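Values quoted throughout were computed directly from the atomic coordinates according to the rules given, and no laboratory measurement underlies them. All figures in this text were calculated on a predicted structure; none of them were measured in a lab. Note that each Cβ is placed from the backbone with ideal geometry, even for glycine, and that neighbours are counted across all protein chains shown.
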Amino acid sequence: MELTLIQKIAVFALPVIFAITLHEAAHGYVARFFGDMTAAAAGRITANPLKHIDPVGTILVPLVILLTSKLLGGGMILFGWAKPVPVNFAGLRRPKQDMLWVAAAGPAVNFAMAVFWALMIQLGHAMGSSFASAPLMMMGAAGVFINIILMSLNLIPLPPLDGGRIAVSLLPVKQAMQFARIEPYGLFILLGLMFTGILGMIMWPLISLFVGVTALVTGLEPAQLIGLIQLVLS
């Protein structure tokens, strides 16, 4: 069964919105825990999507990708972004060390959401022939995939991605300062990796690994999970 464009939008809407917004909120929450109140003062430590939605990155770009993927027969990676949560790393109690936990919070929440959506697949399967079973399982597959995509992308060690900030936190001070200078060019480097196909070569092994781990944690058969993901992407 191949999903129509409207069905794809319905299946991906909630997973995309919450994958992006909770990722950002997690950064602010952990930053507050380690002493930086910037995000809290801005009212950004919330699960309310309206506080995080970027009209272009959260809505327009994913819709365009879904439409383009549908017209071209699938195969495109769905992604998007929210309004970045403001974090003043200098306001952390131990800026260099605590940066690691602030940066890692977003990918960690994405993995937790991937597990949640995988459990929704299990729930849909348990519902048997109920009318809600198939939609719930497909939304679960979309949720697993989009969260794994965001986690894998953000773990790439390239500033300003979360993986880049984790690398800056772990490197010795001199090397960290040199590496951090890449940040103004990070987006251009990322686009270059995307257009040359190198980004896909980096990400797909990570995506496959994390999909397998999610299946293992939730008791799903990996082949079943992969099959459902392929269905919602087709």
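Quick notes
- Alpha-carbon centroids, the stretch 201-234 and the stretch 78-113: separation in whole Å: 25
- Mean ellipticity per residue at 222 nm, deg cm²/dmol - from DSSP H runs of n ≥ 4 across the chain, formula -39500 (n - 2.57): -22500 deg cm²/dmol
- Using θ = phi - 60° in the Karplus curve 6.51 cos²θ - 1.76 cosθ + 1.60, the 3J(HN,Hα) couplings for the stretch 195-209 round to 6, 8, x, 5, 4, x, 5, 6, 7, 4, x, 5, 4, 4, 4 Hz; x is entered for Gly and Pro.
- Per-residue Cβ neighbour rank within 10 angstrom, fewest leading, TYR185, TYR29: TYR185, TYR29
- In the stretch 86-180, trypsin sites (Lys or Arg not before Pro) in a DSSP loop with at most 15 other beta-carbon atoms within 10 Å: ARG93
- Here the label points at ARG181 and MET194, each 7 Å from Cα along the C-beta direction, are separated by 2.7 nm in the simple model.
- C-alpha long axis of helix 133-154 to longest principal axis of the chain, angle in °: 30
- Label point distance in nm, VAL64-PHE33, each placed 7 Å from Cα along Cα→Cβ: 3.6
- The chain: angle of helix 222-233 to the longest principal axis, Cα-based, in degrees nearest 10: 90
- The simple Förster model, with R0 at 30 Å and r as the Cβ-Cβ distance, assigns SER133 and VAL213 a FRET efficiency of 0.75.
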